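Only one structure is covered here, and it is reproduced in the block below.
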Amino acid sequence: MKKTTAAITAVGGYVPDFVLSNKVLETMVDTNDEWITTRTGIKERRILKKENAGTSFMAIKAAEDLIQKSGVDPSEIDFVLVATATPDLPVASTAAYVASEIGAVNAFAYDLQAACSSFLYGMSTAASYIESGRYKKVLVIGADKMSSIIDYTDRTTCIIFGDGAGAALFEPNEEGLGLQDEYLRSDGVGRQFLKIDAGGSILPASEETVKNKRHYVYQDGKSVFKFAVSNMADVSALIMERNNLTHEDVQWLVPHQANKRIIDATANRMGVAPEKVMINIDRYGNTTSATLPLLLFDYEKQLKKGDNLIFAAFGGGFTWGSIYLKWAYNSK
Ligand code: UT7
């Protein structure tokens with residue numbers, strides 16, 4: 001019997017209209033365009049300014065874009081997974097709300113939180129459900145409103161992050177396309193280097209925690225950078241090696257957009273030429289769970305059926321990994 005694989009059959013995306021440029025950041029904190037550009041590759045990021053709108057607002061827009069383009073009937077979607085580090089509410093699944101709002105009335109839904117690796121892990125979850133034969137249509141949405149957890153007086157974090165959402169539909173494939181292999185990792189040693197201290201079960205919100213700005217993202221950038229560079233490159237090289245792929249076999253590297261220097265190091269290690277590396281960090285910054293699907297959204301028209309894509313991500317926790325996927329369609 002032929003093995004059923006899990007292929008991406010449609011993508012969608014959404015970024016808010018408001019652009020926060022390096023020039024504007026220069027007026028907010030002690031930084032400059034040259035430093036941000038050379039150290040990170042970021043020129044601007046999008047910020048969701050709409051009142052009372054959370055991560056679900058962007059997730060719904062991305063899903064609606066996918067539904068409209070692909071013509072998929074939302075009532076046929078079996079499962080909606082929202083990969084996010086910034087759920088609408090600390091309790092109550094954002095995915096359940098998104099599923100209802102997009103008309104996925106027959107789906108079950110839940111959130112997945114693995115910091116910047118959330119979408120990568122979500123791809124693995126979606127593929128496992130499809131490969132098992134249990135479900136036929138799985139919608140994975142990566143969405144984050146990072147501006148809701150960033151201190152815009154802290155120059156070490158506010159220059160990096162942005163808001164956005166991307167979506168991908170996974171369906172069974174009998175031609176051997178879709179997810180081929182994965183290598184996912186985590187290491188709790190990293191928790192101290194990238195975190196939000198308060199608002200969880202260790203340190204619930206209080207007057208004190210708000211006053212001391214402990215609900216914002218803290219990052220020891222240098223340490224995270226060190227781990228990210230070596231681990232993202234290692235897993236990407238490993239997944240190529242164990243699938244007997246040379247740089248010529250790889251059409252696209254789809255890397256998490258945290259820092260252009262981390263992306264370059266990963267591509268170098270894989271021996272993949274710069275024109276094969278998907279990049280949009282210059283326009284969106286680090287959108288956490290949304291970086292990978294937003295790349296697919298931006299590059300969809302250039303992808304061809306049968307292309308070999310290597311996904312790679314690294315994030316808080318630490319969490320990281322790589323996925324090898326064969327693209328399943330030519331876009332219209
Ligand atoms: O997506 C989740 C995973 N996250 C990551 O992968 C992020 C990994 N880390 C990074 O991308 C980088 O570490 C950063 C972009 C966050 C920082 O770049 P860096 O090259 O590691 O800079 P640094 O933290 O070592 O700081 C170098 C200098 C310092 O000044 P001194 O001590 O050398 O005088 C900082 O105070 O740059 C200073 N600095 C800034 N200067 C201008 C820090 N932030 C800024 C800023 N503008 N925004």
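The values are calculated or read from the model by the stated rules, or taken from the named source; none is laboratory data. Keep in mind the model is a prediction, meaning the values are calculated, not measured. Cβ sites come from the backbone with ideal geometry, for glycine too, and all protein chains shown count toward neighbours.
Can you spot a residue in the stretch 246-266 that is among the hydroxyl-bearing types (S, T, Y) and either out of contact with any strand residue (DSSP E or B) (no Cβ under 6 Å at 6 or more places or on another chain) or without any contact (Cβ under 8 Å) to a residue 24 or more places away in the chain (or both)?
Yes: one or more hits.
Starting from residues that are in contact with a helix residue (DSSP H, G or I) (Cβ under 8 Å, 6 or more places away or on another chain) and assigned to a loop (DSSP other than H, G, I, E, B), keep the ones in the stretch 91-124 and report whichever is surrounded by the most Cβ atoms within 10 Å (Cβ to Cβ).
This residue is A104.
Within the stretch 187-204, work out how many residues are closer than 14 Å to I149 by Cα and in contact with a Lys or Arg (Cβ under 9 Å, 6 or more places away or on another chain).
Initial filter on the stretch 187-204 (closer than 14 Å to I149 by Cα): 194-200.
Imposing the further condition that a residue be in contact with a Lys or Arg (Cβ under 9 Å, 6 or more places away or on another chain) reduces the set to 196-199.
Residues in the stretch 187-204 being closer than 14 Å to I149 by Cα and in contact with a Lys or Arg (Cβ under 9 Å, 6 or more places away or on another chain): 4 in total.
For K49, which of the numbered conditions (1) under 23 Å from L296 (Cα atoms); (2) surrounded by fewer than 16 Cβ atoms within 10 Å (Cβ to Cβ); (3) touching a strand residue (DSSP E or B) at 6+ places or on another chain (Cβ under 6 Å) fails to hold?
It is condition (1) that K49 fails.
For G317, state whether it is within 10 Å of the ligand (Cβ to nearest atom), over 13 Å from I8 (Cβ atoms) and in the same structural domain as G221 (by TED's automatic domain parsing). So that I can check it myself, show each step before the final result.
Numbers: within 10 Å of the ligand (Cβ to nearest atom): yes; over 13 Å from I8 (Cβ atoms): yes; in the same structural domain as G221 (by TED's automatic domain parsing): yes.
Yes; evaluated as a whole, the condition is true for this residue.
Would you tally the residues in the stretch 173-199 being assigned to a strand (DSSP E or B) and within 21 Å of A115 (Cα to Cα)? Steps first, answer last, please.
Here is the first cut: in the stretch 173-199, the residues assigned to a strand (DSSP E or B) are 173, 178-186, 194-195.
Now restrict to residues that are within 21 Å of A115 (Cα to Cα): 182-186, 194-195.
Matching residues across the stretch 173-199 total 7.
When you go through (1) within 13 Å of the ligand (Cβ to nearest atom); (2) farther than 24 Å from T5 by Cα one by one for N268, which number turns out not to apply?
So the condition that N268 fails would be (1).
Within the stretch 16-33, which residues are among the acidic types (D, E) and either more than 9 Å from the ligand (Cβ to nearest atom) or in a helix (DSSP H, G or I) (or both)? It would help to see each step written out before you state the result.
Residues of the stretch 16-33 that are among the acidic types (D, E), as a first pass: 17, 26, 30, 33.
Across the stretch 16-33, the qualifying residues are D17, E26, D33.
Okay, residues lined up against (1) charged (D, E, K, R); (2) within 16 Å of the ligand (Cβ to nearest atom); (3) outside any helix (DSSP H, G or I):
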residue: T38; (1), (2), (3): no, yes, no
residue: M58; (1), (2), (3): no, no, no
residue: K61; (1), (2), (3): yes, no, no
residue: I67; (1), (2), (3): no, no, no
residue: V72; (1), (2), (3): no, no, yes
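For the stretch 249-264, which positions are out of contact with any Ser or Thr (no Cβ under 8 Å at 6 or more places or on another chain) and within 16 Å of D298 (Cβ to Cβ)? Steps first, please.
At the first step, the residues of the stretch 249-264 found to be out of contact with any Ser or Thr (no Cβ under 8 Å at 6 or more places or on another chain) are 249-252, 254, 262-264.
Those that are out of contact with any Ser or Thr (no Cβ under 8 Å at 6 or more places or on another chain) and within 16 Å of D298 (Cβ to Cβ): Q251, W252, V254, I263.
Tell me the residue from A109, A165, A99, A115 that is closer than 16 Å to Q257 by Cα, away from the ligand (no atom under 15 Å from the Cβ) and at pLDDT 95 or above, please. Outline the logic, then answer.
Numbers: A109 fails: closer than 16 Å to Q257 by Cα; A99 fails: closer than 16 Å to Q257 by Cα; A115 fails: away from the ligand (no atom under 15 Å from the Cβ).
Just one listed residue meets the conditions, A165.
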